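Some notes on the structure that comes next.
The values are calculated or read from the model by the stated rules, or taken from the named source; none is laboratory data. This is a predicted model, so every value here is computed, not measured. Note that each Cβ is placed from the backbone with ideal geometry, even for glycine, and that neighbours are counted across all protein chains shown. Keep in mind that these areas ignore ligands, DNA and RNA; they rest on the heavy atoms of the full protein, side chains included. Shrake-Rupley method; radii C 1.70, N 1.55, O 1.52, S 1.80 Å.
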Amino acid sequence: MAEIRNYTVNFGPQHPAAHGVLRLVLELDGEVVQRADPHIGLLHRATEKLAEQRTWIQSLPYMDRLDYISMMCSEHAYVMAIEKLAGIEVPIRAQYIRVLFDEITRVMNHLFGLAALGLDLGAMTVFLYCFREREDLLDCYEAVSGARMHAAYYRPGGVYRDLPETMPQYQAQHTRSARTLAAMNDNRQGSLLDFIEDFTARFPKCIDDYETLLTENRIWKQRTVGIGVVSPERALALGFSGPMLRGSGVAWDLRKKQPYEVYHRLDFDVAVGTNGDTYDRYLVRVEEMRQSNRIIRQCVDWLRQNPGPVISDNHKVAPPSRLEMKANMEELIHHFKLFTEGMHVPEGEAYAAVEHPKGEFAVYFISDGANKPYRMKLRSPAFCHLSAMDEMARGHMLADAVAVISTLDIVFGDVDR
Amino acid sequence: MTPKLQRLSDALERLLGAKPVARLGELTLEVSAGDYLKTAQTLRDHAELRFEELMDLCGVDYSTYGDRPRQGARFAAVAHLLSVTHNWRLRLRVFCPDAAFPLLASLVEVWPSVNWYEREAFDLFGIVFEGHPDLRRILTDYGFVGHPFRKDFPILGHVEMRYDPEQKRVVYEPVTIEPREVTPRVVREAHYGEGG
């Protein structure tokens, strides 16, 4: 009789299905996972320690680099925490713009998540479809902030600037005929809001397309139904939030339960699963895209009708305009102080959480009254969700471990910070 | 304070005998290291509190707080709890009595989600959680020396690494770059710049 021993496999850190730099040590009995031990930290950049050395405003762009799939949501928690500590009022138009971009970010994140889940399970077409739509949303980011991904658009007290009146257009190239070019620029003739409205009009049809490919697909269901099941009690004990918690049937959404900005004024529903498996979480995320589309539409309508300031006029936290700065001595002093020493935040501590597309993303600040945070802690949903990997993957086949990683919807910038 | 927060504050005072501090719409409860585990158990299980979820736990090093000499304990663990049933939050802070060997009870039996957070606090601050089943480093490199988020750990670290073509392996050497601070850290007195 041959001696049978469990086999230990190194999954990653350079593996396309590991979603970044995850080193997963898998103990296998045949093809069945007995133990999964994620080794993380390969992308650890000590963002929290770096923030202690920089002024409040200088650390903001680091937030984009945490979860580089949904950038602006992390910025949102960061500025909300500062606003809470310093008691800064945000103009209502800025709140709508933030909600608009949070929801654009949510759609972007779920498109990426769906594409990656599809690709991991062998559905290449969905991947291509999702990236086609995601490109339009990245163009919105670019139009508003100048950067496709790392926007650094939110500021304590509002947003960096108002929505642009024009949309960047494709340029003529020798590979494009004049007719192709005109068709590509067709929906880019008006303002950014026109472009977003056009997107919301065609996007539900795109979601229908993804669902046609996947929802009733037999192979898709074989690969996702009953994989990585988490009961509601277990989901709470494991600290889940966001779609991971809702997939298990707990109707918990910070946008509804602890509304921030203008979510209480908007009309949308919360998607909840029943079985807590990969398939339900997939359905929850698809439905969230539809709901986000509704929210985006409402924000666009409101923003069209209500012009106004987009950043606080308290020049202790937000810089004055260039014109004022050059014409007024007081504003010049404000400008100088703000960009050399930085703003001061009163002593105290604050925890601000947002409903990030992946779950609850929160920033916890301890301030001792200096121009830099004393301690910043980032509560990232992915870190918490990945810690449940062992429990979710145990007893599944090796190929299903890939589905479990994918359904967690993790990004390593966020896990390792 | 909202009526809801008042209700939670009253319940905490009645059940635990400790008065939480309310600021900026958040409640903070400080407990001693001895009561830590028992308090956590009550917070989760009592019907009037029901903190089912532990969202976050982090270490804090208070040694240079406010740029003045520190009296009292140096290390603390701060947990953020959430009750899905009652829809409220609580911050739970516990100071480690001994700064030379910071030791706390592990909450892993109460909230399994704390597992990695405690590993993180151990890795970055050197807080040891008694009763944790698997207290390994989590974010830093294999074989890393020191606890990098302590205030006395330099931001540049102590060592740098490079590939040595002669020895044909990666070698560690003391850091060669100079530390610099672009914007100095300033603590102003209260109400600085207002009026006048």
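Annotations for the structure displayed:
- A simple count of charges around A:Pro232, restricted to other residues whose Cβ falls under 12 Å of its Cβ and scoring Lys, Arg +1 and Asp, Glu -1, yields -2.
- Electrostatic bookkeeping for A:Pro319 treats Lys and Arg as +1 and Asp and Glu as -1; over the other residues with beta carbon under 12 Å from its beta carbon, the sum is +2.
- A simple spin-label model places the labels of A:Ala251 and A:His150 4.2 nm from each other, with each point 7 Å out along Cα-to-Cβ.
- Heavy-atom SASA rank of A:Glu233, A:Glu48 (probe 1.4 Å, accessible area, largest first): A:Glu233, A:Glu48
- Whether the range A:300-365 is rounded, prolate or oblate, judged on the alpha carbon gyration tensor where a/c under 1.5 counts as rounded: oblate
- Per-residue accessible area (protein heavy atoms, 1.4 Å probe) orders A:Asp64, A:Asp390 as A:Asp390, A:Asp64, starting from the largest.
- Rounded if a/c under 1.5, otherwise prolate or oblate - the range A:270-392, Cα gyration tensor axes: oblate
- Per-residue ³J(HN,Hα) for the range A:354-367, Karplus 6.51 cos²θ - 1.76 cosθ + 1.60, θ = phi - 60°, Hz, x for Gly and Pro: 10, 7, 6, x, 8, x, 7, 9, 9, 10, 10, 10, 10, 10
- Peptide B:73-85 has a mean shielding of 3, counted as Cβ atoms of other protein chains within 10 Å of each residue's Cβ.
- Note on A:Leu398/B:Ala22: beta-carbon distance plugged into 1/(1 + (r/R0)^6) with R0 of 35 Å gives a FRET efficiency of 0.10.
- Selection from A:Met72, A:Leu332, A:Ser406, by position along the positive dipole direction of the protein assembly as shown (Cβ): A:Leu332
- log₁₀ of I(q)/I(0) at q = 0.20 Å⁻¹ - the range A:78-139, Debye sum with one point per alpha carbon: -0.76
- Chain A packed on chain B takes about 4900 Å² of accessible surface away from a 1.4 Å probe, both sides summed.
- Axis angle, to the nearest 10 degrees, between helix A:398-408 and the longest C-alpha principal axis of chain A: 20 degrees.
- HN-Hα J in Hz across the range B:22-29 - Karplus 6.51, -1.76, 1.60, θ = phi - 60°, x for Gly and Pro: 9, 8, 6, x, 10, 9, 10, 10
- Label point distance in nm, B:Phe144-B:Val175, each placed 7 Å from Cα along Cα→Cβ: 1.4 nm
- Inter-label distance, nm, simple model (7 Å from Cα along the C-beta direction), A:Lys326/A:Leu181: 3.5 nm
- Taking all protein chains together and rolling a 1.4 Å probe, A:Ile57 ends up with roughly 60 Å² accessible.
- Given charges at Cβ of Lys, Arg, Asp, Glu: the range A:1-60 dipole, positive-most of A:Gln53, A:Leu24, A:Pro13: A:Gln53
- Measuring with a 1.4 angstrom probe and ignoring ligands and nucleic acids, B:Tyr142 comes out at about 140 Å² accessible.
- Charge dipole (debye, nearest 20) of the protein assembly as shown; +1 at Cβ of Lys and Arg, -1 at Cβ of Asp and Glu: 500 debye
- The residues of the protein assembly as shown expose on average 43 square angstrom of accessible surface per residue, using a 1.4 Å probe on protein heavy atoms.
- Each stretch of four or more DSSP H residues adds -39500 (n - 2.57); spread over every residue of chain A, this sum gives -15000 deg cm²/dmol at 222 nm.
- The range B:76-171: C-alpha pair distances exceeding 19 Å, %: 54 percent
- Accessible carbon and sulfur surface of the range A:305-417 relative to its total accessible area, %, 1.4 Å: 60 percent
- Of the residues B:Lys151, B:Lys38, ranked by 1.4 Å probe accessible area with the largest first, the sequence reads B:Lys38, B:Lys151.
- Three-way shape label, chain B, alpha-carbon gyration tensor, a/c 1.5: oblate
- Bridgeable lysines around A:Lys84 (alpha carbons under 27 Å apart, same-chain partners fewer than 8 residues away excluded): A:Lys49, A:Lys256, A:Lys257, A:Lys316, A:Lys337, A:Lys358, A:Lys372, A:Lys377, B:Lys4, B:Lys19, B:Lys151.
- Counting Cβ atoms of other protein chains within 10 Å of each residue's Cβ and taking the mean over peptide A:63-75 gives 0.
- Shown is the FRET efficiency for A:Ile333 and A:Ser191, computed with R0 = 51 Å from the Cβ-Cβ distance and rounded to the nearest 0.05: 0.90.
- Options A:Tyr170, A:Phe131, A:Ala152, ranked by Cα towards positive dipole end of the range A:130-175, top entry (Cβ charges): A:Ala152
- Peptide A:36-48, shielding by other chains (average Cβ, 10 Å cutoff): 3
- Between 0 and 90°, nearest 10: helix A:192-214 axis offset from chain A longest Cα axis: 0 degrees
- Taking all protein chains as shown and a probe of 1.4 angstrom, A:Met72 keeps an accessible surface of around 0 Å².
- Residue of B:Gly25, B:Gly72, B:Gly157 that the Gaussian network model of chain B assigns the largest fluctuation, springs spanning Cα pairs under 10 Å: B:Gly25
- Here the calculated FRET efficiency for B:Glu13 and A:Arg132, from their Cβ-Cβ distance with R0 = 56 Å, stands at 0.45, rounded to the nearest 0.05.
- Rel. contact order, % - alpha carbon contacts under 8 angstrom, at least six apart, the range A:71-194: 26 percent
- Carbon and sulfur %, accessible surface of the range B:39-154 computed with the full protein complex present, 1.4 Å: 54 percent
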